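Every read-out reported here was derived from the displayed coordinates using simple, explicitly stated rules and does not represent laboratory data. Because the structure is predicted, anything quoted here is derived from the model rather than measured. Neighbour counts run over all protein chains shown; Cβ positions are idealised from the backbone, glycine included.
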Amino acid sequence: MAWHPLLPETELPEGAMRAAEAAGVRLVLCRHRGRVHAFEDRCPHANGPLTGGNFADGRLICPWHAWEFLCETGALDFNPAIVLRRFPVRCQDGMILVDA
Ligand code: FES
């Protein structure tokens, strides 16, 4: 794993979701309550692209069958045993970096 600069912090304001890619992995980035979260952009239900869905109230909502994942944990709301693949994030010199 290595740290990859993805985008300026200003491009991910509070409540926003963005697509990105690092080390050949498609990612979904989101910011909730000031914190940036990064997950693989793949729903564990049937591999739907989370970036094609919505991000509201700290929940990533899959566009295919509306499963909702809590961004603070990555867990599916109705079954916390199902969790998105999370990547470490840090912010440095105004950039968002992901360890992938
Ligand atoms: S593929 Fe995401 S809810 Fe079905």
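Per the conditions (1) free of Cβ contacts under 8 Å to residues at least 12 places away in the same chain; (2) more than 13 Å from the chain's Cα centre (by Cα), the sole criterion not satisfied by Glu68 is (2). Filtered by the rule that a residue be more than 16 Å from the ligand (Cβ to nearest atom), of a type in the set (A, V, I, L, M, F, W, C) and surrounded by 14 or more Cβ atoms within 10 Å (Cβ to Cβ), segment 12-26 gives Leu12, Ala20, Ala22, Val25. Hey, does segment 42-58 have a residue that's more than 10 Å from the chain's Cα centre (by Cα) and touching a residue at least 60 places away in the same chain (Cβ under 8 Å)? For segment 42-58, residues more than 10 Å from the chain's Cα centre (by Cα) and touching a residue at least 60 places away in the same chain (Cβ under 8 Å): absent.
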